[in-house]
Amino acid sequence: MDLQKRLDFIAETKKKIYDISEVSESGSKKTAVSRMNALFDEGTFVETNAFVKKRHNEFPESADNGLPYEGIAAGYGSINGRLVFAYSQDFFKMSGALSEAGVKKILSVYSLAEKNGAPVVSIFDSSGLAVTEGIDVLSGYGAIINKASLLSGVIPQYSAVCGTCAGGSAVIASISDFIFIEKTNGKLFVNSPFIIKNKTENASKDVGSADFAAKNGSCAKVIDGEDELFASLRNLIYYIPSNNREENVYIDSKDDINRLNENLADFVLTENYDMKQVISEIADDNKFYEVYKDYSNNIICGFINIAGSTVGVVANQPKESNGVICPGACGKASRFIYVCDNFNIPVLTFVDTDGMAVSDKAENAQFALYAAKLASAYASASVPKITVNIGKAYGTAYTIMGSKGLGVDTVMAYPASQISVLPPETAVEIIYGDEIAKDSDPAGKRAELLELWEVEKSSPVEAASNGSIDMIIEPNQTRQMIASAVFLLQSKRESRPLKKYNKLPF
């Protein structure tokens with residue numbers, strides 16, 4: 001055997017693989033290996049199964065520069081020093097088409113991630129599947145969906161859509177915990193927008209686009225440019241443990257745990273204030289990482305650190321429709337709570353809402369079912385749960401927004417918060433309607449009873465008297481008291497009934 005010839009052959013093969021991987025750039029698109037290098041810490045990406053190829057090369061040389069190797073790069077590396085696995089479709093090889101061999105590379109990554117308890121990042125940019133392989137590659141789609149589903153809630157899964165992500169790939173991406181889409185080139189859909197527009201009257205011109213996916217809640221973020229997308233994804237991974245057995249992430253912060261929030265008292269009394277400013281004010285270093293911000297923006301979801309610990313935040317947004325709760329808000333928040341629960345992240349809830357949305361549109365959208373999803377998400381979550389009632393909380397909205405009755409561990413309230421079975425105006429009208437009508441001065445009597453209800457009956461003191469509120473705090477104590485609650489609950493353990501229950505992230 002001529003060893004030198006063998007070494008030369010291997011070197012030439014590697015050169016072909018990596019030359020095309022590194023240099024084939026087109027406008028704002030990157031190759032698979034370039035994307036991996038952008039995702040991982042510098043110099044840490046290690047490719048696995050680089051030599052895997054299709055059994056038959058049906059693609060002409062012009063389609064893949066004469067290379068019989070797959071349109072997928074897969075491997076591992078570190079992100080902020082933590083082990084992460086990833087695979088990326090490469091549009092510059094076979095147009096990123098998924099083949100049976102490509103499926104093997106992807107499944108190998110999932111298998112390694114499972115063994116090592118590490119996250120998986122999936123990067124999508126493909127024209128579809130290798131049609132010539134027929135049912136074999138369709139079975140491969142099923143195998144990937146099966147593995148991703150089995151590992152949902154076991155390891156975090158992230159998807160980055162940098163090109164077309166259609167059909168089976170869109171299903172795989174949607175099983176992940178968070179989807180990011182590149183604004184210019186990213187497309188996410190099951191059926192081609194072209195087909196939809198030809199078969200559907202008044203079809204949206206944006207169907208399949210990144211903005212369309214953001215507005216219907218299909219993706220967590222839309223980001224302009226791949227470098228910015230991967231930087232944001234790296235930031236999100238920083239907040240979340242590597243698997244469901246790890247304790248919560250702790251990030252060292254120099255922010256004083258006893259820092260007072262001096263401006264909150266006046267700020268939260270402002271009409272239609274921005275809840276995001278409240279969240280940022282109490283967070284370590286005032287940093288708030290929001291997800292799903294373009295979908296159902298009357299509720300807010302995202303991550304902060306409190307005294308170094310990651311905390312998932314769910315909050316009504318008074319700035320948008322007075323924070324009313326609609327089906328979309330329930331779905332958005334419940335999905336987020338399940339992800340937090342899967343990965344041992346405490347859930348912090350800020351409540352200030354006018355109540356449940358009142359419309360036939362909401363009822364037609366299975367409102368009761370979505371409200372049940374939100375309530376069930378709170379009830380079934382075994383992680384530490386902390387609620388702060390900042391403003392209004394009435395009736396069903398009070399109950400399903402992280403109330404004590406749902407098993408929340410610590411509930412606090414501001415002195416100015418209003419907690420009641422009904423809004424004061426409605427309560428007075430229903431309970432005292434006859435008395436008001438008989439009074440010689442109905443308007444004066446109504447105003448008197450309304451003031452009494454607002455001062456006493458909807459006061460947090462009333463809720464605290466039966467144990468529904470644990471403590472009434474001053475707004476400037478918010479950060480201190482939340483940090484104290486997180487510390488108190490860090491060793492929380494709960495026994496739950498044994499049941500067969502698969503916590504998919506939706």
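Here are some notes:
- If you check SER321, SER280 for being modelled with pLDDT of 95 or more, within 29 Å of ILE181 (Cα to Cα) and polar (S, T, N, Q), only one passes: SER280.
- Selection over the stretch 437-495 of residues that are of a type in the set (Asp, Glu), touching a residue at least 60 places away in the same chain (Cβ under 8 Å) and in contact with a helix residue (DSSP H, G or I) (Cβ under 9 Å, 6 or more places away or on another chain) gives a count of 2.
- Scope the stretch 341-358; condition out of contact with any helix residue (DSSP H, G or I) (no Cβ under 9 Å at 6 or more places or on another chain) and either at pLDDT 90 or above or not β-branched (Val, Ile, Thr) (or both); matching residues: ASN342, PHE343, ASN344
- Residue count, the stretch 475-496 (criterion: of a type outside the set (A, V, I, L, M), touching a strand residue (DSSP E or B) at 6+ places or on another chain (Cβ under 8 Å) and buried (at least 17 other Cβ atoms within 10 Å of the Cβ)): 2
- Any hit, the stretch 410-421, residues being under 25 Å from the mean Cα position of the chain (by Cα) and either outside the structural domain of ASP470 (by TED's automatic domain parsing) or farther than 17 Å from GLY355 by Cα (or both): yes
- Matching residues, the stretch 266-294, being buried (at least 22 other Cβ atoms within 10 Å of the Cβ) and of a type outside the set (A, V, I, L, M): ASP284, TYR292
This table checks each residue for (1) assigned to a helix (DSSP H, G or I); (2) without any contact (Cβ under 8 Å) to a residue 40 or more places away in the chain; (3) over 21 Å from SER382 (Cα atoms).
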{"position": "LEU229", "(1), (2), (3)": "yes, no, yes"}
{"position": "TYR238", "(1), (2), (3)": "yes, no, yes"}
{"position": "SER242", "(1), (2), (3)": "no, no, no"}
{"position": "ASP252", "(1), (2), (3)": "no, no, yes"}
{"position": "GLU290", "(1), (2), (3)": "no, yes, yes"}
{"position": "TYR295", "(1), (2), (3)": "no, no, yes"}
{"position": "VAL313", "(1), (2), (3)": "no, yes, no"}
{"position": "PRO318", "(1), (2), (3)": "no, no, yes"}
{"position": "ARG335", "(1), (2), (3)": "yes, no, no"}
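- Residues within the stretch 296-309 that are over 11 Å from the mean Cα position of the chain (by Cα) and either among the small types (Gly, Ala, Ser) or surrounded by fewer than 24 Cβ atoms within 10 Å (Cβ to Cβ) (or both), tallied: 8
- Conditions (1) touching a residue at least 40 places away in the same chain (Cβ under 8 Å); (2) at negative phi; (3) surrounded by fewer than 23 Cβ atoms within 10 Å (Cβ to Cβ): number failed by GLU429: (1)
- Extreme residue, surrounded by the fewest Cβ atoms within 10 Å (Cβ to Cβ), among residues of the stretch 402-414 that are more than 15 Å from ASN466 (Cβ to Cβ) and out of contact with any Ser or Thr (no Cβ under 6 Å at 6 or more places or on another chain): GLY407
- Within the stretch 153-176, considering residues that are assigned to a strand (DSSP E or B) and at pLDDT 95 or above, the one farthest from VAL84 (Cα to Cα): VAL161
- Every residue from the stretch 61-103 that is small (Gly, Ala, Ser), over 17 Å from SER159 (Cα atoms), modelled with pLDDT under 75 and not in a loop (DSSP other than H, G, I, E, B): SER62, ALA63, SER95
- Residue within the stretch 462-474 that is within 34 Å of the chain's Cα centre (by Cα), modelled with pLDDT of 75 or more and buried (at least 20 other Cβ atoms within 10 Å of the Cβ) present: yes
The values are calculated or read from the model by the stated rules, or taken from the named source; none is laboratory data. What you see is a predicted model; the values in this text were computed from it and never measured. All Cβ positions, glycine included, derive from the backbone under ideal geometry; neighbour counts span all protein chains shown.
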